[in-house]
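Step one of this worksheet: look at the structure below.
The values are calculated or read from the model by the stated rules, or taken from the named source; none is laboratory data. Bear in mind that the values here come from a model prediction, so they are computed numbers and not experimental data. When we count neighbours, we look across all protein chains shown, and the Cβ atoms used for this are built from the backbone with ideal geometry, even at glycine. What goes into the accessible areas is simple: the full protein's heavy atoms, side chains included, and nothing from ligands, DNA or RNA. Shrake-Rupley method; radii C 1.70, N 1.55, O 1.52, S 1.80 Å.
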Amino acid sequence: MLGMMMDQPLLISSLIEHAARFHGDTEIVSREADRSIFRYTYAEAAARAKQIAKAIARLGAEPSDRIGTLAWNSHRHFELYYGISGTARILHTINPRLFPEQLRYIINHAADRILFLEPSFVGLVEKLAPALTTVRHYVIMAPRALMPPTSLPDALCYEELIEAETPELDWPIIDEQTASSLCYTSGTTGNPKGALYSHRSTVLHAFGSCAADMLGVSAADCVLPVVPMFHVNAWGIPYSSALAGAKLVLPGQHLDGESLCTLFDQERVTLSLGVPTVWLGALKYAEETGKGFSTVKRIVIGGSAAPPSMIEAFDKKHGVHAVHAWGMTEMSPLGTVAASKAKHATAAPDVITHVRCSQGRPSFMVDLKITDAEGRRLPHDGVAVGNLHVRGPWVVRGYYNDAEASAEAFDAEGWFKTGDVCAIDPDGYVRITDRSKDVIKSGGEWISSIDLENAAVGHPDVAEAAVIGLPHPRWDERPLLIVVPKPDHVVDKPAIMSFLADKVAKWWLPDDIVVVDQLPHTATGKLLKTQLRKDFADYKLPTA
Ligand code: ADP
């Protein structure tokens with residue numbers, strides 16, 4: 001017997017419709033390239049999303065066509081999120097920080113038909129354009145007065161497209177399994193791979209992320225996503241904010257500590273999200289000026305491991321609850337969030353630290369398992385470390401038009417192989433120790449590069465740290481610690497060694513420490529260990 005409930009598909013257009021109807025006067029604030037502030041409401045954004053949807057149809061884009069965007073977190077980008085997906089076209093957000101060769105590959109691989117770009121990317125796209133085989137129209141996201149001179153063929157003006165349309169449109173009712181948006185992983189090796197989300201997966205992810213123990217977005221919040229809308233949909237914030245009716249602040253391209261902290265204070269931001277490198281800058285500015293976190297209640301840190309020293313700095317120095325989270329492009333991206341349980345109210349401080357500094361426990365609907373090298377399940381006892389596999393309704397079941405990558409990505413039971421290595425404790429808290437390719441294998445045992453890096457950045461002279469394994473005749477591999485000093489600090493290697501001595505097992509201690517001015521990062525702000533391994537390929541450890 002079937003239940004007698006209405007059959008209403010889960011559609012992205014419902015999110016903006018809900019926000020426009022019940023949070024119509026809630027603000028969306030966007031900082032423009034010239035740092036001026038643009039301000040409007042969900043009702044106005046929804047109307048303009050319909051106008052741009054109609055303009056896209058007029059330009060000849062059919063349902064299922066991919067429409068690319070090269071844009072910052074801005075109000076026009078927000079309109080495209082809904083205008084493109086709402087009418088069954090596919091929003092392809094492109095990370096402008098990728099190498100030109102990767103950009104050319106993904107735009108052609110996605111076969112983008114229209115490319116929307118902000119003025120700051122005109123130079124980049126002009127160089128790519130001759131090699132882009134499928135793009136029919138370039139639209140520059142600006143009013144006529146701010147259109148830059150360009151050699152792009154027949155470049156169109158975003159605001160003129162909007163002006164030519166009325167906001168009357170009924171969003172089509174489509175199958176909830178319809179593809180809605182496409183994100184490519186940065187792919188530090190090989191070609192980038194496309195995760196193709198659906199309306200259903202996106203709406204379920206938005207529901208999941210609004211849960212109190214996940215991101216907990218609510219209508220009482222003012223949310224500022226620092227994580228870019230070109231990287232895994234800014235962790236879904238453009239959707240979850242509309243679902244919840246939260247005020248949304250889009251910071252544009254200026255993401256340094258001062259720019260962010262100023263916006264936090266001015267707009268009374270309560271919740272912000274970003275990768276650890278972003279928070280380094282904001283914390284430094286806040287420490288120097290005392291500004292920046294007056295209204296902020298929660299900061300979500302993910303994308304790379306959040307060092308315990310960073311979580312502590314937010315808590316103790318700024319009274320901000322730092323929340324550690326883990327996920328990936330293939331998971332839309334939310335997998336786990338480090339929220340405590342009722343029993344932790346009376347737990348000992350070291351238990352609380354363990355919970356808060358872990359990558360967290362899974363969201364409802366995200367299932368986890370760890371396996372050994374032969375694919376056998378390992379216990380969730382907090383000790384066994386293995387390969388992390390996941391499944392759930394917002395996890396990919398293949399890569400877009402990439403049979404080879406799809407064939408490799410899943411185990412025999414159909415779970416997605418994350419490529420991360422971790423332990424899971426009996427309460428479900430995950431502790432990521434490494435990417436499997438970054439694990440340091442020493443004397444048959446594994447050393448966690450993440451644990452060593454976290455310990456090193458706890459030292460007051462160290463701004464950033466990376467650990468890589470170098471070949472060793474006796475132990476196979478041994479760790480090399482590479483550190484960047486804080487400005488005006490000098491790193492004393494023996495002092496770092498003795499600092500680490502009571503924080504990690506003795507045989508984990510690095511065989512050497514190298515001081516550098518900066519570390520290489522990927523397009524999404526993670527340590528680029530492939531580059532470090534190349535840079536230090538000829539380095540001889542003193543113990544080797
Ligand atoms: P890319 O940077 O390749 O586009 P993602 O942003 O999807 O990919 O990165 C996902 C990966 O980032 C995860 O598999 C994991 O290795 C790493 N990661 C994300 N969050 C955390 C975290 N909190 N701690 C440690 N690693 C993390």
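General remarks:
- Qualifying residue in region 386-397 (condition: in a strand (DSSP E or B) and more than 13 Å from the ligand (Cβ to nearest atom)): yes
- Subset of region 508-544 (residues that are under 19 Å from D451 (Cα atoms), in contact with a His (Cβ under 8 Å, 6 or more places away or on another chain) and open to solvent by less than 40 Å² (accessible area, probe 1.4 Å)): D511, L528
- Region 149-165, subset open to solvent by less than 70 Å² (accessible area, probe 1.4 Å) and part of a loop (DSSP other than H, G, I, E, B), residue farthest from the ligand (Cβ to nearest atom): A164
- Meets criteria (within 14 Å of the ligand (Cβ to nearest atom), hydrophobic (A, V, I, L, M, F, W, C) and within 23 Å of the chain's Cα centre (by Cα)) for L215: yes
- Filter pass, L169 being open to solvent by less than 40 Å² (accessible area, probe 1.4 Å) and either over 30 Å from the mean Cα position of the chain (by Cα) or without any contact (Cβ under 8 Å) to a residue 12 or more places away in the chain (or both): no
- Region 402-423, residues that are on the phi > 0 side of the Ramachandran plot and under 23 Å from the mean Cα position of the chain (by Cα): G419
- Residues (open to solvent by 20 Å² or more (accessible area, probe 1.4 Å) and among the aliphatic types (A, V, I, L, M)) located in region 327-338: M328
- For A463, the stated conditions do not hold, so it cannot be described as of a type in the set (A, V, I, L, M, F, W, C), surrounded by fewer than 21 Cβ atoms within 10 Å (Cβ to Cβ), over 30 Å from the mean Cα position of the chain (by Cα) and more than 16 Å from the ligand (Cβ to nearest atom).
- Subset of region 91-138 that is basic (K, R) and within 24 Å of the chain's Cα centre (by Cα) - its residue that is nearest to the ligand (Cβ to nearest atom): R97
- Looking across region 2-47, the residues that are touching a strand residue (DSSP E or B) at 6+ places or on another chain (Cβ under 8 Å) and buried (at least 20 other Cβ atoms within 10 Å of the Cβ) come down to I12, T26, I28, V29, S30, R31, Y42, A45.
- Of the residues making up region 311-326, those that are open to solvent by less than 30 Å² (accessible area, probe 1.4 Å) and touching a His at 6+ places or on another chain (Cβ under 9 Å) number 2.
- Test result for R361, within 16 Å of the ligand (Cβ to nearest atom), under 19 Å from the mean Cα position of the chain (by Cα), basic (K, R) and open to solvent by 10 Å² or more (accessible area, probe 1.4 Å): yes
- Sole exception among (1) touching a residue at least 40 places away in the same chain (Cβ under 8 Å); (2) not in a helix (DSSP H, G or I) for H205, by number: (2)
- Any hit, region 503-519, residues being aromatic (F, W, Y) and farther than 25 Å from G386 by Cα: no
- Unmet requirement for V421, which otherwise passes all of (1) loosely packed, with under 14 Cβ neighbours inside 10 Å; (2) more than 24 Å from R200 (Cα to Cα); (3) in contact (Cβ under 8 Å) with a residue 12 or more places away in the chain: (1)
- Output for region 229-254, where each listed residue is within 13 Å of the ligand (Cβ to nearest atom) and of a type in the set (S, T, N, Q): N233
- Of all residues in region 424-455, those satisfying the criterion of being under 16 Å from G469 (Cβ atoms), open to solvent by 30 Å² or more (accessible area, probe 1.4 Å) and over 19 Å from the mean Cα position of the chain (by Cα) are S436, K437, K441, G443, G444, E445, W446, D451.
- Here G292 fulfils each of the conditions (1) over 21 Å from T524 (Cα atoms); (2) in contact with a Phe, Trp or Tyr (Cβ under 6 Å, 6 or more places away or on another chain); (3) open to solvent by 10 Å² or more (accessible area, probe 1.4 Å); (4) not hydrophobic (A, V, I, L, M, F, W, C) apart from (3).
- Scanning region 97-115 turns up at least one residue that is closer than 22 Å to R200 by Cα, in the same structural domain as H137 (by TED's automatic domain parsing) and touching a strand residue (DSSP E or B) at 6+ places or on another chain (Cβ under 9 Å).
- Every residue from region 260-277 that is closer than 26 Å to V430 by Cα and either of a type in the set (S, T, N, Q) or out of contact with any Gly (no Cβ under 7 Å at 6 or more places or on another chain) (or both): L271, S272, L273, G274, P276, T277
- Residue within region 178-185 that is more than 15 Å from the ligand (Cβ to nearest atom) and either open to solvent by 70 Å² or more (accessible area, probe 1.4 Å) or assigned to a helix (DSSP H, G or I) (or both) present: no
- Each residue in region 423-458 was checked for being closer than 25 Å to H472 by Cβ, within 14 Å of the ligand (Cβ to nearest atom) and of a type outside the set (A, V, I, L, M), and 11 of them qualify.
- Given (1) over 29 Å from N95 (Cβ atoms); (2) touching a residue at least 24 places away in the same chain (Cβ under 8 Å), index of the condition V484 fails: (1)
- Listed by position, the helices (runs of 4 or more DSSP H) contained in region 33-118 that have at least 2 residues being within 14 Å of M141 (Cα to Cα) and in contact (Cβ under 8 Å) with a residue 12 or more places away in the chain are 42-58, 75-86.
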